[in-house]
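**Student:** Shown below is the structure under consideration.
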Amino acid sequence: MSDLIDSPIEGENAPEFSVSEISGALKRTIEGAFGRVRVRGEVGRVMLARSGHLYFDVKDDRSVIAAVSWKGQVSRLSMMPEEGMEVVVTGKLTTFGSQSKYQINVDDVTVAGEGALMAMLEKRKKALAAEGLFAEERKRPLPYLPEIIGVVTSPSGAVIRDILHRLRDRFPRKVLIWPVAVQGEQCAPQVTRAIEGFNRLTPGGAMPRPDLLIVARGGGSIEDLWGFNEEIVARAAAASEIPLISAVGHETDTTLIDFVSDRRAPTPTAAAELAVPVRLDLLAWVDEQGARLTRAMGNAVGQRGQRLRDVARALPRAEALLQTPRQRLDEASDRLPRALVAGVQQRKVTLSQTSGSLRASTLRRIIEGKREALYRRSDRLRTDALEREIDRRKDRIDDLHRRLEDAYLRRIRLQQDKLAGLERMRQTLGYHATLERGYAVVRGDGALVKTAKAAKKAQVLEIEFADGKFTPGGPATAAPKKPAKPKDTPEQGSLF
């Protein structure tokens, strides 16, 4: 380095170096000053490249050193570093000029203790496992073919493009994306709100509720993925009523949400493959099952037809089965006329024998006795029936007479009551009842006098009181007597 940084010649500018010269000088300086070193720290990001080289970080709370083990060194390491482990790495400091950074070439790794993050993660994992959130019996099966899939991820990353591309290739479905931060301080609260928000949607509403959830993120260091190790995210995933697939990081990355989710996918693309079947495979399977069903039905029908033909060959012919019955029928037909004739002859002989044993006089006496008994019963039957009919008619006539008499008397009493009421009304409405209360009727010259003027003009005045009429200057006349009330008429009060 001292050879390159010589004092410039007087009168000339400072010397010019190429980038490679400066990079080489720095490389020689660092390797010469430090040589082989041992570094203690926590393993961060770990990546095994396709070439076989192993890249990882060694860090503490303030700084990070990049570490690399070449393919030949990886096979000789005493242990493979894992993210979060506290280790002591041994190697040689060097530089990587292409990226202007320094790194340590590690040829040995030993465990120094659990890292702080891993210890915290292990503590949370044990607490949640004790509550039963990792139990297999509480995990729900995934729907075979969900109508709507909800995805919780960053809308700008390659993850959502991979998921949509895989769904489109396998079986296109409707996808609802809830954008969240997938690392940093806002990651855990936003992912929690997204899971809870999807569960609060109403099935069949304006914003339909998904049938399946996918929480996805690409790979990264344990610090990048730490949001998915937070307890609030794990509890939200465990409480989700919608089946949930976790696809956080790469296959080697494990977070708390992976333990509480219903299924864990090694990558976001694998999550899409778990979510839906392959449409073409499904159609091919349906076609294959239909073909198998058709073949099975054809084979079953063919086997039963062959079995029927085999059984039919073992059966005798219809002509052979009918030969014996036909022969028996012919023999019976021949015997039947002779049997009928013989039966009639035998019954004639029996009838003659029976009739001969009976005498005409005996039959006559029996008939006469039966006839007399019949006459006696018919006479008695007629007399008893007539008497019963007469008694029944008499009872009916008596009943009708009684009912008619009652109706007649009720009618008479009703008319008498009505007549008496009319009489009382007549007397009440007449002026004589008014005279009983102290009034009088004045007539002049035979006409009713209503005013004093008319009374002065009258030649003869007549005054009628309740007990009679009076003419000034003449004799008084008694009032006519009221008709007596009928004795049987009940007393009834005035209607007014």
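Values in this text are rule-based calculations from the coordinates and carry no lab data. Owing to the predicted nature of the structure, the values given are computational and were not obtained by experimental measurement. Glycine gets a Cβ as well: all are built from the backbone with ideal geometry, and neighbour counts include every protein chain shown.
**Student:** Using helices alone, I'd like the mean residue ellipticity at 222 nm for the chain: each DSSP H run of four-plus residues gives -39500 (n - 2.57), total over residue count, nearest 500. Don't jump to the answer; show the numbers that get you there.
**Tutor:** Numbers: 13 runs with 240 residues, N = 496.
Theoretical 222 nm ellipticity from helices: -16500 deg cm²/dmol.
**Student:** Hey, which of these cross-link pairs are over 28 Å Cα-Cα: K92/K125; K27/K71; K394/K418?
**Tutor:** Result: K92/K125; K394/K418 exceed 28 Å.
**Student:** Pop out the ³J(HN,Hα) list for the stretch 176-184 in order, Karplus 6.51 cos²θ - 1.76 cosθ + 1.60 with θ = phi - 60°, rounded to Hz; leave Gly and Pro as x.
**Tutor:** For the stretch 176-184, the Karplus curve yields 10, 9, 10, x, 9, 7, 9, 7, x Hz.
**Student:** Would you mind checking which residues have amide H under 5 Å from D108's amide H? H placed 1.01 Å from N; only 5 or more apart, or other chain.
**Tutor:** T90
**Student:** As an exercise, use a Förster radius of 30 Å and the Cβ-Cβ distance of T94 and A119 to find the FRET efficiency, rounded to the nearest 0.05. Let's see the in-between values first.
**Tutor:** Values: r = 32 Å, r/R0 = 1.06.
Computed FRET efficiency for T94 and A119 comes out at 0.40.
**Student:** Per residue, how much space in cubic angstrom lies within the convex hull of the C-alpha atoms of the chain? Could the numbers behind the result be given before it?
**Tutor:** Details: hull volume 391.6 nm³, N = 496.
About 789 Å³ per residue, rounded to a whole number.
**Student:** Please list 3J(HN,Hα) in residue order for the stretch 242-251, calculated via the Karplus relation 6.51 cos²θ - 1.76 cosθ + 1.60 where θ = phi - 60°; whole Hz, with x for glycine and proline.
**Tutor:** 8, x, 10, 10, 9, 9, 10, x, 8, 4
**Student:** 5 Å is the cut-off here: which amide hydrogens, built 1.01 Å from N in the peptide plane, fall below it relative to F96, excluding neighbours closer than 5 in sequence?
**Tutor:** Result for F96 returns K101, Y102, Q103.
**Student:** Given the Cα-Cα distance of S63 and T354 and 0.36 nm per residue of separation, how much length would full extension add, in nm? It would help to have the intermediate numbers written out before the result.
**Tutor:** Working: separation 291, 0.36 × 291 = 104.76 nm, distance 14.27 nm.
Gain on extension, S63 to T354, equals 90.5 nm.
**Student:** Grab the beta carbon distance between I397 and T428, set R0 = 35 Å, and tell me the FRET efficiency rounded to 0.05. Mind dumping the intermediate values first?
**Tutor:** Details: r = 47 Å, r/R0 = 1.33.
Working from the Cβ atoms, E equals 0.15.
**Student:** Step through the residues of the stretch 205-217 one at a time and calculate ³J(HN,Hα) from phi using the Karplus curve (6.51 cos²θ - 1.76 cosθ + 1.60, θ = phi - 60°), rounding each to whole Hz and writing x for Gly and Pro.
**Tutor:** x, 4, 10, x, 7, x, 8, 8, 10, 10, 9, 10, 7
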